[in-house]
Amino acid sequence: MEKVRVCLIGCGRAGMIHARGYAGSIREAELIALCDPFEDNLRAAASELSVKYTYTDYREVMANPEIDAVVVVTPTQFHREVVNAAAKAKKHVFCEKPMASTAEECDEMIAACRANGVKLQLGFMRRFDRNFRRGKELLDSGAVGQVTLIKSNTYGPSHPKEWMYDVRRNYGPIGEVNSHDFDTLRWYAGSEVRMIHAVGHNFRSPEVADRYPDYYDTCSVLLEFENGVVGSITGAQYVTYGYDSRAEILGTDGIIKVGAQETNSVQAVTRDGKITADSVDSWRTLFRDAYVEEDRAFIRSIINDTEPEVTGHDGKMALVLVQEGLRSILEKRPIMINNDREGDDDESDTAS
Ligand SMILES: NC(=O)c1ccc[n+]([C@@H]2O[C@H](COP(=O)([O-])OP(=O)(O)OC[C@H]3O[C@@H](n4cnc5c(N)ncnc54)[C@H](O)[C@@H]3O)[C@@H](O)[C@H]2O)c1
């Protein structure tokens with residue numbers, strides 16, 4: 001295969017980040033098609049990126065034999081049907097997180113890709129971020145001894161969209177904001193979660209409290225891993241000051257700190273005694289290079305016929321934690337996770 005010919009399905013916020021990466025930086029791939037049922041979005045994307053084909057129905061994408069791989073960046077509720085159709089059409093799949101709406105849907109998607117012999121990579125781009133990756137390298141090198149405790153936080157600036165208030169249908173911040181933290185902790189801990197206990201509260205949107213009594217914008221999650229590692233995740237939405245994502249790995253012989261709220265190391269110290277630095281405003285800025293690296297890794301796994309670095313199993317396990325985390329918040333109790341249940345049944349897909 002000379003170049004992997006790619007179609008983007010879903011030309012919205014995150015979709016266009018992938019599309020620009022493919023169009024500009026990934027030599028081994030060619031973005032040849034775009035698909036979006038909303039003509040305005042499709043037109044805007046097509047006017048920015050010159051592609052051979054445009055589609056308003058993803059089923060037409062599947063009928064085009066020139067397309068080798070699809071990048072699925074539709075709203076989450078459509079991931080399952082699009083991924084299953086792509087697998088059936090023998091197209092390799094990159095799928096954004098959260099993988100689907102339920103763990104059962106994830107199983108179906110993993111099985112469809114496996115049965116049709118196509119790659120399935122999930123969109124946890126922090127695994128390709130320079131800093132998060134360096135943290136993992138240091139950890140694996142034994143620099144801080146044995147891992148004991150891992151913390152990760154994600155606080156996002158945006159005002160919640162109306163649909164996000166209905167957490168029983170959409171999980172709320174634990175899914176929107178913290179699914180990345182769940183993946184990071186599984187990756188760093190090298191183990192699956194045995195127990196999860198989450199609490200949450202709505203501080204910033206009191207006006208919706210009557211209509212959406214379960215809505216929370218701030219949460220704290222305690223995790224116990226099967227190998228004994230203790231995990232702690234905090235999340236918040238609509239924090240207004242910027243996008244804030246950091247992690248900390250405490251080992252028996254030291255600590256690794258990943259990420260900072262400043263975009264760079266430049267600070268201004270002024271005569272009023274204040275220190276200022278430019279802060280990160282968005283995930284688009286903070287993880288710009290990580291998106292390109294994850295897309296490049298996907299293409300290389302196709303060309304070299306290797307297992308993607310972030311698998312369907314990783315996508316499913318993050319979703320299980322989102323589901324059980326919300327259940328813990330709503331039922332106000334810790335939840336034990338059963339990792340032995342029937343499912344995607346892939347021994348090679350461990351959280352290493
Ligand atoms: N990895 C990350 O950090 C990250 C960041 C943002 C969003 N996401 C994920 O990416 C996905 C998309 O989120 P977004 O913020 O870009 O949403 P968005 O609403 O900005 O874009 C979604 C696009 O999909 C299109 N669409 C809707 N139904 C479709 C269908 N059936 N077929 C093809 N296209 C369809 C919409 O018209 C829209 O253009 C979600 O799963 C989201 O959770 C991941």
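Candidates in the stretch 215-245 are the residues that are among the small types (Gly, Ala, Ser) and closer than 15 Å to Leu326 by Cβ; of these, the one that is surrounded by the fewest Cβ atoms within 10 Å (Cβ to Cβ) is Ser220.
Filtering Ser101, Ser152 for residues that are of a type in the set (Ser, Thr, Tyr) and at pLDDT 95 or above leaves a single hit, Ser152. Taken residue by residue, the stretch 1-20 has at least one member that is more than 14 Å from the ligand (Cβ to nearest atom), more than 19 Å from Val292 (Cβ to Cβ) and not in a strand (DSSP E or B). Kindly indicate whether Ser220 is in contact (Cβ under 8 Å) with a residue 60 or more places away in the chain, within 25 Å of the chain's Cα centre (by Cα), within 20 Å of Ala318 (Cβ to Cβ) and part of a strand (DSSP E or B). Judged against the criteria, Ser220 is not a match.
Got at least one residue in the stretch 52-65 being of a type in the set (Phe, Trp, Tyr) and loosely packed, with under 14 Cβ neighbours inside 10 Å? Let's see the steps before the verdict.
So the first thing to find is which residues in the stretch 52-65 are of a type in the set (Phe, Trp, Tyr), and the list is 53, 55, 58.
Those left that are additionally loosely packed, with under 14 Cβ neighbours inside 10 Å: none.
No; the residues of the stretch 52-65 include none that is of a type in the set (Phe, Trp, Tyr) and loosely packed, with under 14 Cβ neighbours inside 10 Å.
Under the condition of being more than 10 Å from the ligand (Cβ to nearest atom) and in a loop (DSSP other than H, G, I, E, B), the residues counted in the stretch 21-69 number 14.
Applying a threshold of 7 Å to beta carbon distances and a minimum spacing of six or more residues, or different chains, the list of pairs starting in the stretch 319-331 at a residue that is among the acidic types (Asp, Glu) and ending at one that is crowded, with 23+ Cβ neighbours inside 10 Å reads Glu324/Ile196. Evaluation of Thr285 against the conditions (1) exposed (fewer than 14 other Cβ atoms within 10 Å of the Cβ); (2) more than 15 Å from the ligand (Cβ to nearest atom) shows that the sole unmet condition is (2).
Among the residues of this structure, Thr154 counts as one that is surrounded by 24 or more Cβ atoms within 10 Å (Cβ to Cβ), in the same structural domain as Pro173 (by TED's automatic domain parsing), in contact with a Gly (Cβ under 9 Å, 6 or more places away or on another chain) and under 18 Å from Lys257 (Cβ atoms).
Within the stretch 81-114, the residues that satisfy the criterion of being farther than 20 Å from Asp183 by Cβ and touching a strand residue (DSSP E or B) at 6+ places or on another chain (Cβ under 6 Å) are Val82, Ala86, Lys91, His92. For Ile249, the requirement of being among the β-branched types (Val, Ile, Thr) and under 17 Å from Gln146 (Cα atoms) is met. Among the residues of the stretch 70-82, the ones that are at pLDDT 95 or above and either of a type in the set (Ser, Thr, Tyr) or assigned to a loop (DSSP other than H, G, I, E, B) (or both) come to 2 in all.
The values are calculated or read from the model by the stated rules, or taken from the named source; none is laboratory data. This one's a predicted model, so the numbers in the text were calculated from it and none came from an experiment. Here the Cβ is made from the backbone with ideal geometry for all residues, glycine too, and neighbour counts use every protein chain on show.
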